[in-house]
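J.: Okay, handing you the structure first.
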Amino acid sequence: MLGDYTIKGRRASEIAADVERAVNDGQLQPGSALPALRDLAVELGVNPNTVAAAYRLLRDRGVIETAGRKGSRVLPRPVTTPRDQIPVPVPPGARDLAAGNPDPALLPPLAPALAVAAAAADAAPTLYGHPVADPALLALARAGFLADGVPDGELAVCSGALDAIGRILNSRLRPGDSVAIEDPGWGSLIDQLPALGLRPAPVRLDDEGPLPDSLAAALAAGARAVVVTVRAQNPTGAALTPGRAAALREVLARHPEVLVIADDHGHGIVTQAHQSLAGVTEAWAVVRSAAKAYGPDLRLATVMGDAGTVGRVLGRQRLDSGWVSLLLQRTVAELWRSGAAAGVAEVYQARRDALLAALAVHGIAAHGASGLNVWVPVAEEAGAIAAMAQRGWVAAPGARYRIQSPPAIRFTVSALPEAEAPALAADLAAVLLPGRAGSRLV
């Protein structure tokens, strides 16, 4: 079962630490089965309750999964091996369409906004005990949220979307709780949940967002929170339509105790209107990141949510990082104020539509209603990626983004000129023609 490795320890913390070291060192591989509680207790000469406590610690730390009588196994991807580390070799001269980045040429110059922020810092340096948020940024954020139909609430500033979502989940949930998330969905979020001691509950989706019946099933099974990408869903490009948002609100209204997090990282790079799910339940938050529109290195997201949730987020933030740099906050405020991302959404839409149209010419069904990516279902990922790399195109494996959904590959088209779309589509048709996959995400 464990090969040459033998679990050691007398206390629960010692047993858990020993197993985690073995996973980190490669002595225990993903998927490895752990001994039954009573068997390990006998082997170590400890009470079975001690082993049970050790396994709970490992589960809460995202190292193992437990399934009752089916036993416990090392997670397929422990938190020490994030999904975005799955290697995708880029041959010399190939186009890297796997990274998921915005087009650097479309990011606004930062120097003017940074100069404004630096001048403000020179005039009044931020010190300990000062307010942790820039009033101008908060005013702009609030106006933007309200204009998009988000209920008025409290505001917070976090270090990017993933930081914000993690803090919000931590504010309301306990280890062992399950969270309904999209499948396929954001790989970083799929990895973050076990790191927080939480369990993912996959929800199927199509181009209009999560399927109401699938979300209802996850909530009925006990999911304590829901994370929905409002638009520019990664990896599929799904965007909530008014009809789908209304259907999801009906489902959520039957579970007022559930925490609802709306991830709107596509703010500023999409043409679709925001569809709000906020305020249907007692605890809610909407997260908007500056990464895609203004630059990933800005590491900033604004959050609007109910007073209880945001208050908990701010309280915990003061105890660890303290605050997000006011220099960055003022820089983003200046970028928002100047309209630096104007016209970017239309460019991304044109590039995405060009590839979708070129694929359709060859009869290849693909998905990309919004955002930076196009999601193409395939029969087998590794072979398709290898064959496309030989033709000079590097795609991301769908395994980075899937829990139970079918195989697919993802192309980031943010920097793909429209004129190159027909060549990419022709090469993909040559690869997929012998066994082309179906068109449904679900």
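The values are calculated or read from the model by the stated rules, or taken from the named source; none is laboratory data. Fair warning: this is a prediction, and the values are worked out from it, not measured in the lab. FYI the Cβ positions are ideal-geometry reconstructions off the backbone, even for glycines, and counts take in every protein chain you see.
J.: Being surrounded by fewer than 24 Cβ atoms within 10 Å (Cβ to Cβ) and at pLDDT below 95 is the requirement here; does ARG204 meet it?
T.: Considered against the rule, which asks whether it is surrounded by fewer than 24 Cβ atoms within 10 Å (Cβ to Cβ) and at pLDDT below 95, ARG204 comes out as no.
J.: Out of the residues in the range 296-324 meeting the condition of being among the small types (Gly, Ala, Ser) and crowded, with 19+ Cβ neighbours inside 10 Å, tell me which one is farthest from ILE165 (Cα to Cα).
T.: Filtering the range 296-324 for residues that are among the small types (Gly, Ala, Ser) and crowded, with 19+ Cβ neighbours inside 10 Å, the one farthest from ILE165 (Cα to Cα) comes out as GLY305.
J.: Of (1) in a helix (DSSP H, G or I); (2) without any contact (Cβ under 8 Å) to a residue 12 or more places away in the chain; (3) not β-branched (Val, Ile, Thr), PRO131 satisfies all except one. Which?
T.: Among (1) in a helix (DSSP H, G or I); (2) without any contact (Cβ under 8 Å) to a residue 12 or more places away in the chain; (3) not β-branched (Val, Ile, Thr), the lone unmet condition for PRO131 is (1).
J.: When residues of the range 145-187 are filtered for being under 21 Å from GLN275 (Cβ atoms) and not charged (D, E, K, R), how many remain?
T.: 18
J.: Within the range 20-38, track down each residue that is within 30 Å of the chain's Cα centre (by Cα), surrounded by fewer than 18 Cβ atoms within 10 Å (Cβ to Cβ) and not in a helix (DSSP H, G or I).
T.: Residues satisfying the conditions are GLY26, GLN27, GLN29, PRO30, GLY31, ALA33.
J.: Give the range 134-183 a look and list any residue that's under 15 Å from VAL230 (Cβ atoms), touching a residue at least 24 places away in the same chain (Cβ under 8 Å) and over 18 Å from the mean Cα position of the chain (by Cα), or say none.
T.: Answer for the range 134-183, where residues must be under 15 Å from VAL230 (Cβ atoms), touching a residue at least 24 places away in the same chain (Cβ under 8 Å) and over 18 Å from the mean Cα position of the chain (by Cα): GLY144, PHE145, ASP148, GLY149, VAL150, PRO151.
J.: Within the range 219-336, considering only strands (runs of 3 or more DSSP E) that don't extend past its boundaries, which have at least 3 residues that are in contact (Cβ under 8 Å) with a residue 60 or more places away in the chain?
T.: Output list reads 259-263, 283-289, 301-305.
J.: While we're looking at this one, here's another question. Quick one: is LEU57 buried (at least 19 other Cβ atoms within 10 Å of the Cβ), in contact with a helix residue (DSSP H, G or I) (Cβ under 7 Å, 6 or more places away or on another chain), assigned to a helix (DSSP H, G or I) and outside the structural domain of PRO200 (by TED's automatic domain parsing)?
T.: yes
J.: Still on this structure, please answer the following. Could you list, in sequence order, the residues of the range 1-14 that are assigned to a loop (DSSP other than H, G, I, E, B), touching a helix residue (DSSP H, G or I) at 6+ places or on another chain (Cβ under 9 Å) and of a type in the set (A, V, I, L, M)?
T.: Listed by number, the residues that qualify are LEU2, ILE7.
J.: From the list ALA41, ALA17, which residue is at pLDDT below 90 and either acidic (Asp, Glu) or in a helix (DSSP H, G or I) (or both)?
T.: So the residue among ALA41, ALA17 that is at pLDDT below 90 and either acidic (Asp, Glu) or in a helix (DSSP H, G or I) (or both) is ALA17.
J.: Also, quick follow-up: Can you find, within the range 279-295, the residue that is nearest to ALA161 (Cα to Cα) among those that are over 16 Å from the mean Cα position of the chain (by Cα) and surrounded by fewer than 24 Cβ atoms within 10 Å (Cβ to Cβ)?
T.: GLY295
J.: Taking only the range 386-407 into account, find how many residues are under 21 Å from the mean Cα position of the chain (by Cα) and of a type in the set (Val, Ile, Thr).
T.: Number of matching residues: 1.
J.: Mind checking whether some residue in the range 345-359 is part of a helix (DSSP H, G or I), within 29 Å of LEU114 (Cβ to Cβ) and hydrophobic (A, V, I, L, M, F, W, C)?
T.: yes
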